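The structure under discussion appears below in the form of structure tokens.
The values are calculated or read from the model by the stated rules, or taken from the named source; none is laboratory data. What you see is a predicted model; the values in this text were computed from it and never measured. Counting neighbours? That spans all protein chains shown, and the Cβs are built from the backbone with ideal geometry, glycine included.
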Amino acid sequence: MKKSTLRCLLSSETLYNYCLGLLPANKTRQVSRLERQYPAVRAQIDQTLGALRRYSTPTDFVPQPADTQRLLRTLRALAQLPVELEQLPLLDAWADVGRWRQAVATLQPPPSFKETYVYPLRDDATVTQLLVWVDKEVSVEEHLYEQESILILEGYCNGYVGSAIFQLAPGDYLDIPTRISHSLQVVEGPVQLIVQRIKESAF
């Protein structure tokens, strides 16, 4: 594995969330495959699990059924909140693709668009969010001072991050750390995706 790809994996929260069982199923499968393939990834997972065991606190606390039901009702209510263009949330591995699709449903590229069309959604001191349509590919690029992440809304593509290849489908989320070359190749398109870039100063 190239150093750039290894840094891509180990510098993000992906392995930490993997150890806690918090990743979506598709992302869990990707990490499991890389864990079997690369000893360095396996070693980092073991190290993360060891740290979690050392710093975890044993407890006899047992939640009551009423507490559990209240928590579940709250989570269900939060899950139903719409994504609104006027107040967009940050993308993360748990982003609801259906809610994002609804938020941008009225936005369309011009009929004459070729290759790539970008619609700005949000741009402030800490984050930029874009709605992007890609017909063929996004050429190789690298961000020195921004951490990028993407959420696929429609279409199928391959994401190339360092020397790693990710097969991406609707609902898939991918983190792209700073200073890692990356590109995208459409398999079945056009691909519609949300692109988020967080400024390094906001990390």
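See the values below:
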{"read-out": "Output for the stretch 27-72, where each listed residue is aromatic (Phe, Trp, Tyr) and surrounded by 10 or more Cβ atoms within 10 Å (Cβ to Cβ)", "value": "TYR38"}
{"read-out": "Sole residue being at pLDDT 95 or above, under 19 Å from the mean Cα position of the chain (by Cα) and farther than 27 Å from LEU20 by Cβ, chosen from LEU151, LEU121", "value": "LEU121"}
{"read-out": "Residues satisfying the stated conditions in the stretch 113-162, i.e. outside any strand (DSSP E or B) and in contact with a strand residue (DSSP E or B) (Cβ under 6 Å, 6 or more places away or on another chain)", "value": "THR126, ASP135, LYS136"}
{"read-out": "Any hit, the stretch 92-112, residues being more than 21 Å from the chain's Cα centre (by Cα), in a loop (DSSP other than H, G, I, E, B) and closer than 22 Å to GLN185 by Cβ", "value": "yes"}
{"read-out": "Qualifying residue in the stretch 139-149 (condition: more than 27 Å from GLN87 (Cα to Cα), polar (S, T, N, Q) and in contact with a helix residue (DSSP H, G or I) (Cβ under 7 Å, 6 or more places away or on another chain))", "value": "no"}
{"read-out": "Exclusive hit being part of a helix (DSSP H, G or I), more than 23 Å from ARG179 (Cβ to Cβ) and at pLDDT below 80, set LEU9, LEU71, LEU81", "value": "LEU71"}
{"read-out": "Count of the stretch 21-63 residues which are of a type in the set (Phe, Trp, Tyr) and not in a helix (DSSP H, G or I)", "value": "2"}
{"read-out": "So LEU91, is it in contact (Cβ under 8 Å) with a residue 40 or more places away in the chain and in contact with a strand residue (DSSP E or B) (Cβ under 6 Å, 6 or more places away or on another chain)", "value": "yes"}
